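Some notes on the structure that comes next.
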Amino acid sequence: MAGQLVVRVHLDWTDPGHYDASRALPCRCCTTPTKMRDSQGAACHQSCAEDEIARELLGSGRARIADERVPAPAQRLQEVAR
């Protein structure tokens, strides 16, 4: 009997930069409108991003992954300017 591999991914999107209160845009994964943003500023539901990372970890190779632990260049510039 083959074992079952379960991958659970949970991203911490509590930073205000992951939310754009001014407008909803189509999610880059499912196209449903969302005010959530990934670390690159693209519209994306947190659950869609988590699923995308889980698929990549399982080896489907179809996911576009941005490492949320590494700040985007624009975010780093803002932190330096403070």
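Below is a table of values for the structure above.
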{"item": "Whole-number percent relative contact order across region 1-55, with pairs defined as alpha carbons under 8 Å at least 6 apart", "result": "31 percent"}
{"item": "Simple label model, 7 Å out from Cα along Cβ direction - A21 to Q40, nm", "result": "2.8 nm"}
{"item": "Contour minus Cα-Cα distance for L57 and T31 (0.36 nm per residue)", "result": "7.1 nm"}
{"item": "Residue exposure sequence - H45, H10 - by fewest surrounding Cβ within 10 Å", "result": "H10, H45"}
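Values in this text are rule-based calculations from the coordinates and carry no lab data. What you are looking at is a predicted structure, and each value in this text was computed from that prediction instead of being measured. Backbone-built Cβ (ideal geometry, glycine too); neighbour counts: all protein chains shown.
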